[in-house]
1. Test Leu20 against the stated conditions and say whether it is of a type outside the set (Asp, Glu), part of a strand (DSSP E or B), under 20 Å from Leu85 (Cα atoms) and under 14 Å from the mean Cα position of the chain (by Cα).
2. Does segment 77-98 include one or more residues that are open to solvent by 20 Å² or more (accessible area, probe 1.4 Å), closer than 20 Å to Leu4 by Cβ, in a loop (DSSP other than H, G, I, E, B) and of a type outside the set (A, V, I, L, M, F, W, C)?
3. Can you work out which of the residues in segment 42-66 that are in contact (Cβ under 8 Å) with a residue 40 or more places away in the chain and not charged (D, E, K, R) is most open to solvent (accessible area, probe 1.4 Å)?
4. Working only within segment 99-120, note down all residues that are open to solvent by 10 Å² or more (accessible area, probe 1.4 Å), in contact with a Gly (Cβ under 9 Å, 6 or more places away or on another chain) and in a strand (DSSP E or B).
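The values are calculated or read from the model by the stated rules, or taken from the named source; none is laboratory data. As the structure is a computational prediction, the values presented were derived from the model and not from experiment. When we count neighbours, we look across all protein chains shown, and the Cβ atoms used for this are built from the backbone with ideal geometry, even at glycine. Only protein heavy atoms, including side chains, enter the accessible area calculation; ligands, DNA and RNA are left aside. Shrake-Rupley method; radii C 1.70, N 1.55, O 1.52, S 1.80 Å.
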Amino acid sequence: QVQLVESGGGLVQAGGSLRLSCAASGRTFSSYVMGWFRQAPGKEREFVGAIRWSSGYTRYADSVKDRFTISRDNANTVYLQMNSLKPEDTAVYYCAAGRKYFAPSTSSEYDYWGQGTQVTVSS
């Protein structure tokens, strides 16, 4: 059974940084892509970025490019480093996994989801 557990959310001032973690378990993820999504109150869930586990290939939404970085380690954990945070980055952030040979930005392409972690950026 696949489990994705996010952690690292919290309250930070604008311009600050946070690092989110997503601990994945339940299978070998070498053929998976790991995505990060976020959902603000009253808005649809939106793509933040993704990483292909085997190659380390990453892609990002334009809104976070050059501010956010996704990485992974050898212990089945994926990270989302968020720098230069803005109030509009406030949302619940979700980790997702999908067995894909590309890095999709559509949430329906992902099979497994974490419970989410709240990120609040104050102005």
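1. So Leu20 fits the description; yes.
2. There is no residue in segment 77-98 that is open to solvent by 20 Å² or more (accessible area, probe 1.4 Å), closer than 20 Å to Leu4 by Cβ, in a loop (DSSP other than H, G, I, E, B) and of a type outside the set (A, V, I, L, M, F, W, C).
3. Checked segment 42-66; the qualifying residue most open to solvent (accessible area, probe 1.4 Å) is Tyr57.
4. Tyr112, Thr117, Gln118, Thr120
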